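Everything on this sheet refers to the single structure shown next.
The values are calculated or read from the model by the stated rules, or taken from the named source; none is laboratory data. Nothing here was measured: the structure is a model prediction, and the numbers come from that model. Cβ sites come from the backbone with ideal geometry, for glycine too, and all protein chains shown count toward neighbours.
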């Protein structure tokens, strides 16, 4: 009869109760590791989703600002066109009055010149345009002729372009956070199915895959800018 105090069976192997105990210990190790991973995934996923939403808000704000700047650029550009039309009309009226030798009327029109155009007009007259063949054809060809709103419009267009590019960068950053959230969510899948396998090596392999994805996802989050 077998000795009840002997831990070995007749074939020299551990009894089944000891094998079952070792299997339970392995299962517990897997469960502990899986629980820790799930906790990290929960925090990382929440953070990634939060940052994705924040960057989405930044993107919307920047796109709105870019639109407002473009609208302002259009307004100032219209002001530029109006100023040029006014300058041209008054100048041609002055030319007609001078051609009719009506100095009083010519002075009336010149008195209505805008200051910016008056500067170019005076510089043009200084070149003796009616007698010198080298003189510019009109004040509009003089380097002194400027319209402040023209420069403002150009600056607004450039600023709108920069803000729009920042909005695109924010959009890409939000997409990166969303992708990382998907990566972290896949960890839940692998950890969840690990317990469905009875063979311990398969459980380990599945958990390792989830762990690799977890490390990859967290390392990506560590390099992203935050808002």
Where a residue in the range 32-43 is surrounded by 12 or more Cβ atoms within 10 Å (Cβ to Cβ) and its partner, wherever it lies, is outside any helix (DSSP H, G or I), with Cβ under 8 Å and at least six apart: 34/195
Within 30 Å of residue 206 (Cα to Cα) and at pLDDT below 95: does that describe residue 39? yes
Checked against (1) part of a helix (DSSP H, G or I); (2) modelled with pLDDT of 85 or more; (3) surrounded by 14 or more Cβ atoms within 10 Å (Cβ to Cβ); (4) out of contact with any helix residue (DSSP H, G or I) (no Cβ under 6 Å at 6 or more places or on another chain), residue 212 satisfies every condition except (3)
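Kindly indicate which of 157, 182, 202, 191 is surrounded by 16 or more Cβ atoms within 10 Å (Cβ to Cβ) and either out of contact with any helix residue (DSSP H, G or I) (no Cβ under 6 Å at 6 or more places or on another chain) or under 30 Å from residue 28 (Cα atoms) (or both). Give the steps one after another, and end with the answer.
Values: 157 fails: either out of contact with any helix residue (DSSP H, G or I) (no Cβ under 6 Å at 6 or more places or on another chain) or under 30 Å from residue 28 (Cα atoms) (or both); 182 fails: surrounded by 16 or more Cβ atoms within 10 Å (Cβ to Cβ); 202 fails: surrounded by 16 or more Cβ atoms within 10 Å (Cβ to Cβ).
Only one candidate qualifies: 191.
Any chance you could count how many residues in the range 82-109 are within 19 Å of residue 150 (Cα to Cα) and surrounded by 13 or more Cβ atoms within 10 Å (Cβ to Cβ)?
Initially, the range 82-109 is screened for residues within 19 Å of residue 150 (Cα to Cα), giving 82-89.
Add one more test, that the residue is surrounded by 13 or more Cβ atoms within 10 Å (Cβ to Cβ), and what stays is 83-84, 86-88.
Adding up the residues that qualify gives 5.
For the range 98-208, give me every one of the helices (runs of 4 or more DSSP H) that falls completely inside it and has 3 or more residues that are in contact (Cβ under 8 Å) with a residue 60 or more places away in the chain. First the steps, then the outcome.
Numbers: elements: 103-111, 115-125, 148-194.
Helices (runs of 4 or more DSSP H) meeting the threshold: 148-194.
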